[in-house]
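Accompanying notes for the structure given below.
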Amino acid sequence: MIPLAEGIYYIDLHYLGTDRLIACAVVETPQGLLLVDPGPTVTVPQLKAALHQAGLSLADVHALLLTHIHLDHAGATGAIVAEAPHIQVYVHPIGAPHMVDPNRLLDSARRLYGELMNALWGTVLPVPPSQVNTLKDGAKLCFGGRTLEVAYTPGHASHHVSFLDTQTGIAFVGDTAGMQLTGTRCLLPVTPPPDIQLEAWQESLRRLAQWQPKQLLLTHFGPSEMPTVHLREMAQRLREMAEAVRAALEAGGDEAQQAEAFHAQVMAALRACVQDEALLTRYEGFGQPRVSWQGLARYWRRKLQTSKT
C-alpha cells in the first residue's frame, strides 16, 4: 500500500499485469478499512495480496465506497462481499439496483467488450440488498472518528459520486477529474457512452473545486497534488474534446473516419505531453479515445434531438 497522508493509502491493482492503471484507495477508520473503488474482479488477488503485505485482509474491511458502478471501479464488489459478508457497500441510488442485480449492467458492457468481457473484468456477482447503502448528496459519512463528505458529481456517469476525507483534505474523485498517470501531467477526459452529460460534468468540476481539496486521488491513476490547476485543466480539456466532436458531426461525413481522426488528434496531444511509449500505450489502451468519441457523439445527438422537441 502506498501512503498518501495519515491513515490514507492507495493500492496499485496491477490490472492485467500493468502498473499505474487502476488505483484502489484505502482509508483507515476506527470501524475498519474503507476501500474506495475496489476495481474489477480480475484484480481481487492483487488487492488481497497488497492487504496481506500490510498485515491486513478482507476481514479488516468495513465498507466499499463506490464512485460509480463501471466495472473497472466496482466490478469486484459482489465477489468481495461474497467472501467477506460483513462488508457494507455505499453507492449512488441509481447504481444501487445494478449492484443487487447486475444483469443490465453486464448486458451494456457486453455490447462494448463482447467476448473479452470475462478476460477484462472477471465474474460480476450480485450484492445482497441488506449490504447496499445508498448515498445522499451532501451527506457526511462518519466511521468512528473519520468523516467523509459525499457529493454527487455526474458527467462521466449520471450516478457518479466523489468523497472528501475531511481530516486530510484528500478527495476521491473516480473519473470526474479524468485520467492522469502518476509521474505525468498528461490529463485525459474519458467519455464513454451511454450517459455523458457535459454541463453536469463542468458543474461537478466546479463543485470539487469548492471543496478546496489538498489532493485528488484518481482511480486512473494516483494522486494529483495541484488540485486547483488540475480541475481547471480538466474543464478546458473536456471542452476542447467535446467541441472537436461537435464540429466533426456538423461537418458531416463518415463517422468511423471521424472517430479515427479524433483518436489521432487526442494521441498527438498526449505525445506532445509524454514521450514514454509505455505510458502512451496505457493512455491509448485504457483511455480509449475512439470510445470517448462515441460517448461525446451520443451526447451531441441527444442534445440535438432535445432541442428539436
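The values are calculated or read from the model by the stated rules, or taken from the named source; none is laboratory data. Remember, it's a predicted structure, so these values are computed and weren't measured experimentally. No Cβ is skipped: glycine too gets one built from the backbone with ideal geometry, and neighbour counts run over all protein chains shown.
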Task: Top-ranked residue of region 237-255 - restricted to ones that are closer than 11 Å to Ala297 by Cα and acidic (Asp, Glu), ranked as surrounded by the fewest Cβ atoms within 10 Å (Cβ to Cβ) - done: Glu250
TODO: Select from region 256-301 the residues that are in a helix (DSSP H, G or I) and of a type in the set (D, E, K, R) and write down the one among them that is surrounded by the fewest Cβ atoms within 10 Å (Cβ to Cβ).
DONE: Glu277
Open item on the list: Take Tyr15 and tell me if it is at pLDDT 95 or above, farther than 19 Å from Asp165 by Cβ and of a type in the set (Phe, Trp, Tyr).
Closed with: yes
Open item on the list: Pairs please, first residue from region 263-277 and more than 9 Å from Cys186 (Cβ to Cβ), second anywhere and among the aliphatic types (A, V, I, L, M), Cβ atoms under 8 Å, 6+ apart in sequence or on different chains.
Closed with: Gln265/Ala244; Val266/Leu188; Val266/Met241; Met267/Leu280; Arg271/Leu280
Open item on the list: Given the condition touching a residue at least 40 places away in the same chain (Cβ under 8 Å), among the basic types (Lys, Arg) and either closer than 27 Å to Leu13 by Cα or out of contact with any helix residue (DSSP H, G or I) (no Cβ under 6 Å at 6 or more places or on another chain) (or both), answer yes or no: does some residue in region 215-233 qualify?
Closed with: no
- [ ] Have a look at Gln167, Gln202, Gln212 and point out the one that is more than 28 Å from Thr18 (Cα to Cα) and not in a loop (DSSP other than H, G, I, E, B).
- [x] Gln202
Open item on the list: Go through (1) at positive phi; (2) at pLDDT below 95 for Gly122 and report which single condition fails.
Closed with: (2)
